[in-house]
1. Is region 170-178 home to any residue that is surrounded by fewer than 18 Cβ atoms within 10 Å (Cβ to Cβ), in a helix (DSSP H, G or I) and away from ligand 1 (no atom under 16 Å from the Cβ)?
2. Are there any pairs, at least 6 apart or on different chains, whose C-beta atoms fall under 9 Å, with the first in region 252-267 and open to solvent by 50 Å² or more (accessible area, probe 1.4 Å) and the second outside any strand (DSSP E or B) and of a type in the set (Lys, Arg), and if so, which?
3. Of all residues in region 83-136, which are part of a helix (DSSP H, G or I) and either within 16 Å of ligand 2 (Cβ to nearest atom) or open to solvent by less than 50 Å² (accessible area, probe 1.4 Å) (or both)?
4. Tell me yes or no: at least one residue of region 315-338 is open to solvent by 20 Å² or more (accessible area, probe 1.4 Å), of a type in the set (Asp, Glu) and closer than 24 Å to Gln268 by Cβ.
5. Just to be sure I understand, how many residues within region 179-199 are more than 21 Å from Pro125 (Cα to Cα), within 16 Å of ligand 1 (Cβ to nearest atom) and of a type in the set (A, V, I, L, M)?
6. Being closer than 30 Å to Leu168 by Cβ, among the aliphatic types (A, V, I, L, M) and buried (at least 17 other Cβ atoms within 10 Å of the Cβ) narrows it down to one residue among Ile365, Ile384; which is it?
7. When residues of region 142-165 are filtered for being open to solvent by less than 10 Å² (accessible area, probe 1.4 Å) and part of a loop (DSSP other than H, G, I, E, B), how many remain?
8. Among the residues of region 145-178, which ones are more than 10 Å from ligand 2 (Cβ to nearest atom) and either under 21 Å from Asp205 (Cα atoms) or acidic (Asp, Glu) (or both)?
Amino acid sequence: MPNTVKDAIKVGRTTVEDVLQVGRNTVEDVLQVGRNTVEEVFHVGRNTVEEVVQVGRNAVESARRLGKGTMQAAVLHGREDIRIENVPFPQAAPGELIVRVGAALTCGTDLKVFRRGYHARMIVPPALFGHELAGTVVEAGEGVEGFSAGSRVVALNSAPCGQCFFCLRGQENLCDDLLFNNGAYAEFIRIPARIVAKNTLIVPDHIPLEHAALTEPLACAVHGFEDSNPHPGDIVAVIGGGPLGLMMTHVAFLAGCTVISVVKHDGQVEAARQLGAAHVIKASTIQKAIRETRALTPNNRGVDIAIEAVGLPEAWEEAVEMVRKGGTVNFFGGCAVGTHVSLDTNRIHYSDITLRATFHHTPAICRKALDLIAGGRFQAGAFITGHAHLYELNRVFEKLMKRSSEIKTAIVP
Ligand SMILES: [Zn+2]
Ligand SMILES: [Zn+2]
C-alpha cells in the first residue's frame, strides 16, 4: 500500500509537471504567433502608409500644377537660347483644341530659327517653339466637330483663310493671311480654331504619333515634287541631303523615278541610298557635281527634273545646269533674304526649261502626305534618328548644328 500511494503521488506530480510544461509551451507558441502577427500587421501597415503617402504626394503635385495652371514648354528667347519654363496651361476657346504632345520633331526651319533667333514670318521671341507634332486631344472647345478628348491627331503648323484671292484660286499655300502655330516643344499645345477646322487630321490607330508628326515636312516635299511635273521613270536629281532633301528623294523614288541624290556630307550618303536614291553623288565642287550628274543620263543630256533642296543661291544655279532640254527645275529650298542668282538666259529660253519654286503646302496636300505615311511604303521610321526629352532640346539643336548624321529627333515631353 505505502508504495502504491507514493507511486500514485509521483505519477500525479509528473503529470501535473507535463501539463504545466505543455501549457507553458502553448502560451509561448501563442505569444510567438501573436508577436509575428503584430509584426506583419505593422509591416503591412507601414507599406500601406508609405503607398498612401506617395499617392497623396503625386496627387498634390498634379493638383499644384493644375492649380497653378502651368505646364512645361520650350521658350525661344533669342539666338541659341531656348529655356524650358513653366508657362500658363492653355485653355481651349470656342473651336480650339488642347493637345497633349505625343512627339514633336526637330526641323531644318527650327534649326535656322535657333541659329538666327527669329523667323520673319513664323516666330518673334520670346515665343513658344516647334511646329511638327502629333498628339492626343485633352480638351475640345465649344463647337468643335470631329474631335474629342482622346482623339489622336496631327495638327499642321498653318491654315489658310479660305477667302482671299489666292485661297479662292486653290493656291492656299500663298494665302495672304496664312495663320501659323508654334509651341510643339511642350507638354501641351493649343490648336487655333482655323487649324482645327482646316488642317487637323485624325491619325489612324496603326500609325505611331511620331510618324504622323512627319505629315508637315512630307506635305512640303509632296507639294514640291508634284509641282515639278513628274512622270514615272523620270530621272530626278535632288540637290541636298538634309531632312527635306532626303524626304524628296524618298517621295520621288516611291513615285517610280530614278533618283540621283547630290549630298555634301558622308553621313547623308547611306541615308540617301536607304531611302531610294539609285545614285549618290558627293562632289567637292559644284562643277563636278553637275558633270557627274549629267554623266548618269543618256548622252549626258541632263536630268528630267532637278530639285534644289538646300536653300543656297549657288545650288539654285547648279540645278539649272543639271536639267535637260524641256526639263523642270524646282527651287525648293528657301534662300536668305536679299540673295540673288544669275541665270544663263539663252540656256533657259532655247532649251525651254521650266522654272518652279514651290513653297509650303495646302490642306489637300497635307491629307495626301498623311495617306502616304499610313500607306506603309513610306519609311517613316528612317527619318527619326533619335529621341530626347524636352529638357535636352538645347543639346539636341547644338548637335544638329554640327551636322551629324541625325535626320530628325523626336522630342517627347
Ligand atoms: Zn518643319
Ligand atoms: Zn487666304
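The values are calculated or read from the model by the stated rules, or taken from the named source; none is laboratory data. In this text, all values refer to a predicted model and were calculated from it rather than measured experimentally. Cβ sites come from the backbone with ideal geometry, for glycine too, and all protein chains shown count toward neighbours. Ligands, DNA and RNA are stripped out before the accessible areas are found, and what is left, the full protein with its side chains, is counted by its heavy atoms. Shrake-Rupley method; radii C 1.70, N 1.55, O 1.52, S 1.80 Å.
1. The answer is yes, given that some residue of region 170-178 is surrounded by fewer than 18 Cβ atoms within 10 Å (Cβ to Cβ), in a helix (DSSP H, G or I) and away from ligand 1 (no atom under 16 Å from the Cβ).
2. Listed by first residue and then by second, the contacts come to Lys264/Lys282; Lys264/Arg403; His265/Lys282; His265/Arg403; Asp266/Lys282.
3. Of everything in region 83-136, those that are part of a helix (DSSP H, G or I) and either within 16 Å of ligand 2 (Cβ to nearest atom) or open to solvent by less than 50 Å² (accessible area, probe 1.4 Å) (or both) turn out to be Gly108, Thr109, Asp110, Leu111, Val113, Phe114.
4. yes
5. 1
6. When all the criteria are applied, what remains is Ile365.
7. Residues meeting the conditions: 3.
8. The answer is Glu145, Gly146, Phe147, Ser148, Ala149, Gly150, Ser151, Arg152, Val153, Val154, Ala155, Leu156.
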